[in-house]
Structure formats: structure tokens, C-alpha cells
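See below for the structure under consideration.
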Amino acid sequence: MITIFDVNQSVNNTIQKAIKNIFDYDIPIVAEELKEPIERPSLKIIIENNTNGKLNYFFQQKNMTVYVYFFAKNETRSKFDNIKVQNAIEQTLLDGITINDMWFDIEQVHTDNADGILCCSFDLEIIEEIETSQTEEYMEELKTKLY
């Protein structure tokens, strides 16, 4: 079963690989809330709008939105850094993402660039089998009488 932690870990690894060779310095992923002061350069990944429910008796469906924030090294001159990171993230995510050895297609990556902060977001839909524990034995034979 795929958990939110698994999704977060896979997104972190995928984004880090995507931007690894863009700059000559490392860009850490920070786990703190989006409050001032913001560490620059850095990335912040947030998973929101989670819904989880039964699709039917055998399958469950999880929907979530993943937000990736990029804070450029120079707050006032972030345009070109944001473009580089945006391109790398979009190209990587449109190739899909692997979570726990399962590949998931990402149909769209939404991008917003406000106040020098880049925000890329995408929706993720996970449908997986409901794990059940069988406690009773299956019936081997059924005898019936038809009249």
C-alpha cells in the first residue's frame, strides 16, 4: 500500500535528480513551514487536498495535489533560475513518477511564478487493491437440489 510518506519521498528524490546539474551549488529540500525567513536557495514540497476512498469492494482511490516551491538564491533576480528549474521539473514530471516500484502518469504540471517564487503543482491519482486478510476458508463444494 502506498502512503503519503512514500509519495513525499519519491517526489523528493525525483525533483532532486531533476535539478541536480542545473546549478553549481546544492539546493536542499527543507521540511519547515512556508514562513519567513526562507532559506535560499531551497525547495519545499507540500502534499495537500488528499482524498482517500473506496472505488469498489476491491480497490481504493487516493487523489492528492503535490506542490513544489523553489526559492531562488537571489530573491530580486530570480527569473532565469526559475525558468531553468521550471523546465527541469516539467520535463521530469511529464515523464511520470515511480512510487514503490509502481509508475504513475502525470498528465499536467501547473506552474505559477509570483513574487520571485516558483510553484509547480500536479495532481496524482493512485488506485490500488485493498489489502484484505482472509480468515475463513473458501467453500470447496456446494450441493444443491433443483426441483
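Read-outs: derived from the displayed coordinates by stated rules, not from any lab. Quick caveat: nothing in here was measured; it's all calculated off a predicted structure. Cβ sites come from the backbone with ideal geometry, for glycine too, and all protein chains shown count toward neighbours.
Whether any residue in the range 47-61 is out of contact with any helix residue (DSSP H, G or I) (no Cβ under 6 Å at 6 or more places or on another chain), closer than 17 Å to Ile126 by Cβ, in a strand (DSSP E or B) and among the aromatic types (Phe, Trp, Tyr) is what I want to check. Among the residues of the range 47-61, at least one is out of contact with any helix residue (DSSP H, G or I) (no Cβ under 6 Å at 6 or more places or on another chain), closer than 17 Å to Ile126 by Cβ, in a strand (DSSP E or B) and among the aromatic types (Phe, Trp, Tyr), which makes the answer yes.
Checked against (1) part of a loop (DSSP other than H, G, I, E, B); (2) in contact with a helix residue (DSSP H, G or I) (Cβ under 8 Å, 6 or more places away or on another chain), Thr135 passes all but condition (2). Suppose the filter is surrounded by fewer than 15 Cβ atoms within 10 Å (Cβ to Cβ), part of a strand (DSSP E or B), of a type in the set (S, T, N, Q) and free of Cβ contacts under 8 Å to residues at least 24 places away in the same chain; does Asn87 pass it? It is false that Asn87 is surrounded by fewer than 15 Cβ atoms within 10 Å (Cβ to Cβ), part of a strand (DSSP E or B), of a type in the set (S, T, N, Q) and free of Cβ contacts under 8 Å to residues at least 24 places away in the same chain. Look at the range 10-37: where a residue is farther than 13 Å from Phe71 by Cβ and a partner is of a type in the set (D, E, K, R), sitting 6+ places away or on another chain with Cβ atoms under 7 Å, you get Ile22/Lys84. When the residues of the range 17-46 are narrowed to those that are in contact with a Phe, Trp or Tyr (Cβ under 9 Å, 6 or more places away or on another chain) and part of a strand (DSSP E or B), which ends up surrounded by the fewest Cβ atoms within 10 Å (Cβ to Cβ)? It comes out as Ile46. For the range 111-132, check the following and say yes or no: at least one residue is surrounded by 10 or more Cβ atoms within 10 Å (Cβ to Cβ), under 16 Å from Lys17 (Cα atoms) and either in contact with a Pro (Cβ under 6 Å, 6 or more places away or on another chain) or β-branched (Val, Ile, Thr) (or both). Looking through the range 111-132, none of the residues is surrounded by 10 or more Cβ atoms within 10 Å (Cβ to Cβ), under 16 Å from Lys17 (Cα atoms) and either in contact with a Pro (Cβ under 6 Å, 6 or more places away or on another chain) or β-branched (Val, Ile, Thr) (or both).
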